[in-house]
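Below you'll find the structure, written out as structure tokens, and then a few comments.
The values are calculated or read from the model by the stated rules, or taken from the named source; none is laboratory data. This structure is a prediction, so every number in the text was calculated from the model and none was measured. Counting neighbours? That spans all protein chains shown, and the Cβs are built from the backbone with ideal geometry, glycine included. To get the accessible areas, we keep the full protein, side chains included, count just its heavy atoms, and leave off ligands, DNA and RNA. Shrake-Rupley method; radii C 1.70, N 1.55, O 1.52, S 1.80 Å.
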Amino acid sequence: MATPQFNAARWRLDRVPLAAWGGVALAVLAALIAVATSLQAALLTMLAGAACYWAVREARRFVITPNAEGTAAALGLGELTPLIEALPDPALLIDAEGRIVGSNAAARREMQFEARGQFLTSILRHPDVLEAVQAAVREGETRAVEYETTTQVERHTRCYVAPVNWGQARAAMLVFHDQTARISTERMRADFLANASHELRTPLASLTLLIETLAGPARDSAQDRDRFLAMMQVQADRMRRLIDDLLSLSRIELDEHVPPSDRADLADVAREVIDALAPVATERNVRVRLVAPSNPVTVVGERFQLAQVVQNLIDNASKYTASGGEVVVEVAEGGDREETAAIAGRRWEQASRVAMLTPTAAANLSYAYIRVEDGGPGIQAHFLPRLAERFFRVERELGNERGGTGLGLAIVKHIINRHRGGFLVESQPGRGSAFVAYVESAGEA
């Protein structure tokens, strides 16, 4: 049996406005008056016709026809959604009005949106991408746009924008490729060559001079030979540490844009590192004391990299603590970003403080922290902002070189940045320095 013609439209009577019902009532009233009264019949007939027109016009806006249930469904663009969902890279389908009519899980996770039908400009505001979408829909052009986003971590993205013709519909397909790893690798290679060539020049020059001395004036002196060989060993160890730190920093930077998803007990990591560094602390005659709760302090992070953070901070603290002194390592739960920074990094009234890394503000996130406090001479305030720079060493500025590589705190900063955490220092000359690193607590992840 053929479907009646009026079934092509579904009336939503509950959504017809009062004005439409008023128009219907007015039309009926005018018709009754026209029937009952012979006077002014023509005028009343015109009034009834106008009222009917008004009522129909108001009600038409609330008639849902098969083509009004959404542009995507009417024009068939919704049929492309399963294909978009199968793409590994983030992908969006944008209709001619600039609305999102299709997306995959990667795009929703990356751009943090859920609602279908919202405008593209609500989640992406890069002008070149928006211009490419308009060119694809209106002129059928295909473009590739590269752009950067800088929140806490710099990201590089290439967006391919291509026109899509599906039946009578015209749309634009956007596919996003993450270029951060490639660009980071190129920069890493250039930085490694520049930094390695600069920092290795001094120990290489020292080794060359010592070899020449051994081959010349010190050739026949056993005492001088042993002394110069010991100096050569020191320079060789320095070169090894420098190369190890450069390689470690390069590996961290390569994955810095990918936050970790593992879980680790920060207190347990600190205990393991303190046990491993016990011989070094004993050699320096420094005591390392841990203050941590008995229950686990679970954070979102990669255990090996968190161990690097703790190791570098404790090694620095024991290096600058006087013989017989103490290094205090504290691990605890904090609060939100501001509360954690206040609890862990604002304890000395006369100290200077610098936040070398601050996480982006996020609701409903709590953090756990590790604070490593030394008993050294402290650091002058004008040096604090530069502590996390590569190869910066306070002792070099003061003419008291201690043989470090100057990369330890830079490694800590990049690891914490990958963990989307914070890193700060407070220092007071004559009292010591305290370095605080805090990362997201797993309880809120």
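When you look at N312, is it closer than 24 Å to E440 by Cβ and free of Cβ contacts under 8 Å to residues at least 24 places away in the same chain, yes or no? So N312 does not fit the description; no. Within segment 400-430, the set of residues being touching a Pro at 6+ places or on another chain (Cβ under 9 Å) and modelled with pLDDT under 90 comprises P429, G430. Here E389 passes the criteria (1) in a helix (DSSP H, G or I); (2) among the acidic types (D, E); (3) at pLDDT below 90 except the one numbered (1).
In this structure, does D245 turn out to be in contact (Cβ under 8 Å) with a residue 40 or more places away in the chain and either open to solvent by 30 Å² or more (accessible area, probe 1.4 Å) or outside any helix (DSSP H, G or I) (or both)? Answer is yes for this residue.
Please go through segment 361-374 and give me each residue that is open to solvent by less than 40 Å² (accessible area, probe 1.4 Å) and of a type outside the set (A, V, I, L, M), ordered by number. Within segment 361-374, S366, Y367, Y369, R371, D374 meet the criteria. Selection of first residues in segment 114-138 that are without any contact (Cβ under 8 Å) to a residue 60 or more places away in the chain and of second residues that are hydroxyl-bearing (S, T, Y) and open to solvent by less than 40 Å² (accessible area, probe 1.4 Å), restricted to Cβ pairs under 6 Å at least 6 apart or on distinct chains, gives the following pairs, ordered by first then second residue: H126/Y147. Restricted to segment 127-145, and to residues there that are in contact with an Asp or Glu (Cβ under 9 Å, 6 or more places away or on another chain) and farther than 26 Å from G167 by Cβ, the residue that is surrounded by the fewest Cβ atoms within 10 Å (Cβ to Cβ) is D128. Tallying residues that are surrounded by 13 or more Cβ atoms within 10 Å (Cβ to Cβ), in a helix (DSSP H, G or I) and of a type in the set (S, T, N, Q) within segment 263-306 yields 1. Among the residues of segment 346-385, those identified as assigned to a loop (DSSP other than H, G, I, E, B) and of a type in the set (A, V, I, L, M, F, W, C) are W348, A351, A361, A362, A363, L365, I379. Contact map, segment 318-343: residues that are within 20 Å of P296 (Cα to Cα) and open to solvent by 40 Å² or more (accessible area, probe 1.4 Å) paired with residues that are hydroxyl-bearing (S, T, Y) and in a strand (DSSP E or B), Cβ distance under 9 Å, separation 6+ or inter-chain. Pairs shown: E333/Y367; E333/Y369; E333/S441; D336/Y367; I343/Y369.
Going through segment 151-182 one residue at a time, which ones are free of Cβ contacts under 8 Å to residues at least 40 places away in the same chain, among the small types (G, A, S) and in a loop (DSSP other than H, G, I, E, B)?
Within segment 151-182, no residue meets the criteria.
Against the definition (open to solvent by less than 50 Å² (accessible area, probe 1.4 Å), within 20 Å of the chain's Cα centre (by Cα) and either of a type in the set (K, R) or within 16 Å of F435 (Cα to Cα) (or both)), how does T358 come out, yes or no? No: the conditions fail for T358. Every test in (1) within 30 Å of V258 (Cα to Cα); (2) at pLDDT below 85 is passed by R158 save one, and that test is (2).
Would you please name the residue that is farthest from R371 (Cα to Cα), looking only at residues in segment 420-440 that are open to solvent by 10 Å² or more (accessible area, probe 1.4 Å) and within 19 Å of the chain's Cα centre (by Cα)? Please lay out each step first, then the result.
At the first step, the residues of segment 420-440 found to be open to solvent by 10 Å² or more (accessible area, probe 1.4 Å) are 420, 424, 428-431, 435, 440.
Filter once more, so that each one left must be within 19 Å of the chain's Cα centre (by Cα): 420, 424, 440.
On the way: R420: 17, L424: 10, E440: 15 Å.
Among those residues, the one meeting the criterion is R420.
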